[in-house]
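The values are calculated or read from the model by the stated rules, or taken from the named source; none is laboratory data. The shown structure was predicted, so the numbers you read here are calculated from the model rather than taken from an experiment. Quick reminder, even Gly has a Cβ in these numbers, built from the backbone with ideal geometry, and neighbours come from all protein chains shown.
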Amino acid sequence: MLLSNLVINKDEPIYIQIKRYISNMILKGLIPNNSKLPSTRELSQVLNVSRNSVTLAYEELKADGLIYSVSGKGTFTKSNSSLNQSNWCINWEDKQNSYSKVANDMDIIKNEIPWENNLISFKSISPNGDMFDIDELKKSFLNRLSLEGHKLLNYGYAKGYKPLIEYLLEYMSKKGVDTYNKDILITNGFTEGLDIILSSFTSSGDYIICENPTHNTSIKIMKALGLKLIGIDINENGLDFDLLEVKLEKYKDKIKFAYITPSYHNPTGTVMSPENRYKFYNLMKNNNIPIIEDGFNEELLYSSSHIFPICSLDNLSNGIIYIGSFSKILFPGMRIGWILADKNAISKLESVKRCRNIHVSFLDQGILYDYLQNGAFEKYIKKVRKFYGDKFNFAYKCVEKYIPNEYIFGDGGLHLFLKLKNIDTRELLNKCYEKGVIFMPGDIFYINNEVNNTLRLGFSRLSFEEIEKGIKIIGETIKELPIKD
């Protein structure tokens, strides 16, 4: 307490010394306006002086307009200090570094048309919260807290909650991944996972090979870190392997990592075939380029049998870092993801994680583990596969019916990606916005914003009626626009 620093001398009345000390602190701005002061009894005990001396000092301060009392609540400061009102203005625009500039320039929340209640919005690809099994989650919360109590509320370990790590290792084993000599780091979702990997193993100026288009957040992170992106086109036949081999020949000695999303790719929604997974893996292996595999939405298998992740091909090797997350289908607000990689790599990433934010919430990890292991997750997945599968098929048919297009991308997931015929989708977006419909323009998914005739339609949170109405409006608006040469 600041007032405990007051040293009482014997040369002048005590109440005057107390008054002067408090007055100086208020006028200098060291005690903020409306701060509560100790009671007269409390301050007299701290200073070891008569309570009457404190009372007299407070009365003098009230007379000077520096403090005031509220019945039943206490005594408070009333500061008019010029220090508190001084004009000190930092130009934060000039202070920001290159990382901040890229993050702000590519922030789609700030720079794209925002969601509003009256809009049919195809922007989001987050799960529909009405499908969450809240009752089961409540049970998991109470069960885990009763079993572990205060342990989940204290500091945990940077690697993560051990039962959850063990569950995820077994979960990955069921996907065909050999987890021998592998380990897991729990992260705050996919975004932190990718950021930690790239921050730990790349330097500004390094080359990354990736699909083009690809996940906007991934582009943002890579560019913010000063990485140079080598884009490999995705067309109606999938990844352009001819272009990939040309780029490998040109840059192979410079490429630090390959980043790829083989299942329900964002934004195209395509699923890479088993043959192409083998082909991609062997190309990277032969060129000694480690792979970062984004396990985006692998659980949403609508109409096909399980397709193995690329990391399942890396058994007995250590060339793939896999990033997993349930965020697009289950409780994204928990922000829990994981990195599966060679134990040595995980050890290094663990230290970086500890340096940044110590660990992911152990309470959240404990609740999620309980929910996953009690069988509720399997029931939930069966339910949402049908729910989103029906929406996907309906949205696809609506696009075929209403929107003139060059090509429809999408094998499943929570969205469709369209390539239009000589239509500027930015211009289309502005016209649709006037009619109450918005979508995600495709240029944000290209590494240099170079393609302006594509768009992504997210339908996960829309009703069937909204899907058809919105797609119909987009189609009608396209027909009103001039065709670009």
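Residues that are within 27 Å of D195 (Cβ to Cβ): list the helices (runs of 4 or more DSSP H) wholly contained in segment 75-150 that include at least 3 such residues.
Those helices (runs of 4 or more DSSP H) span 92-95, 98-105, 108-111.
Restricting segment 25-44 to residues that are surrounded by fewer than 17 Cβ atoms within 10 Å (Cβ to Cβ) and at pLDDT below 90, which is farthest from T75 (Cα to Cα)?
K28
Go through segment 437-475 and give me each residue that's within 25 Å of the chain's Cα centre (by Cα), buried (at least 16 other Cβ atoms within 10 Å of the Cβ) and part of a loop (DSSP other than H, G, I, E, B).
Passing the criteria: F439, Y446, I447, F459, S460, R461, L462.
Under 9 Å between Cβ atoms, at least 6 apart or on separate chains: pull out the pairs that start in segment 327-352 with a residue that is at positive phi and end on any residue that is part of a helix (DSSP H, G or I) and among the hydroxyl-bearing types (S, T, Y).
F331/Y371; R335/T191
How many residues are buried (at least 19 other Cβ atoms within 10 Å of the Cβ) and in contact with a Ser or Thr (Cβ under 9 Å, 6 or more places away or on another chain) when one looks only at segment 160-174?
The total comes to 2.
Which residue pairs have Cβ atoms under 6 Å apart, sit 6 or more places apart or on different chains, and have a first residue in segment 44-66 that is over 17 Å from N24 (Cα atoms) and in the same structural domain as S23 (by TED's automatic domain parsing) and a second that is part of a helix (DSSP H, G or I) and small (G, A, S)?
As it stands, the answer is V46/S4; R51/S44, since those pairs meet every condition given.
I'm trying to understand the selection: among the residues of segment 258-291, which are among the basic types (K, R) and either closer than 30 Å to F122 by Cβ or modelled with pLDDT under 95 (or both)?
Once the filter is applied, which keeps residues that are among the basic types (K, R) and either closer than 30 Å to F122 by Cβ or modelled with pLDDT under 95 (or both), segment 258-291 yields only R277.
Could you tell me which residue of segment 111-130 is nearest to F464 (Cα to Cα), considering only residues that are surrounded by 11 or more Cβ atoms within 10 Å (Cβ to Cβ) and more than 21 Å from the chain's Cα centre (by Cα)?
Among those residues, the one meeting the criterion is I120.
In segment 405-419, is there at least one residue being without any contact (Cβ under 8 Å) to a residue 24 or more places away in the chain, buried (at least 16 other Cβ atoms within 10 Å of the Cβ), touching a strand residue (DSSP E or B) at 6+ places or on another chain (Cβ under 7 Å) and not aliphatic (A, V, I, L, M)?
The answer is yes, given that some residue of segment 405-419 is without any contact (Cβ under 8 Å) to a residue 24 or more places away in the chain, buried (at least 16 other Cβ atoms within 10 Å of the Cβ), touching a strand residue (DSSP E or B) at 6+ places or on another chain (Cβ under 7 Å) and not aliphatic (A, V, I, L, M).
Got a sec? Which helices (runs of 4 or more DSSP H) wholly within segment 352-436 have at least 1 residues that are among the small types (G, A, S), within 30 Å of S140 (Cβ to Cβ) and out of contact with any helix residue (DSSP H, G or I) (no Cβ under 9 Å at 6 or more places or on another chain)?
376-402
With the structure loaded, tell me whether M272 is on the phi < 0 side of the Ramachandran plot, of a type in the set (A, V, I, L, M) and assigned to a loop (DSSP other than H, G, I, E, B) or whether it fails that test.
Taking the combined requirement at face value, the residue satisfies it.
When the residues of segment 21-74 are filtered to those that are part of a loop (DSSP other than H, G, I, E, B) and of a type in the set (S, T, N, Q), which remaining residue is nearest to N5 (Cα to Cα)?
So, considering only residues that are part of a loop (DSSP other than H, G, I, E, B) and of a type in the set (S, T, N, Q), the one nearest to N5 (Cα to Cα) is N48.
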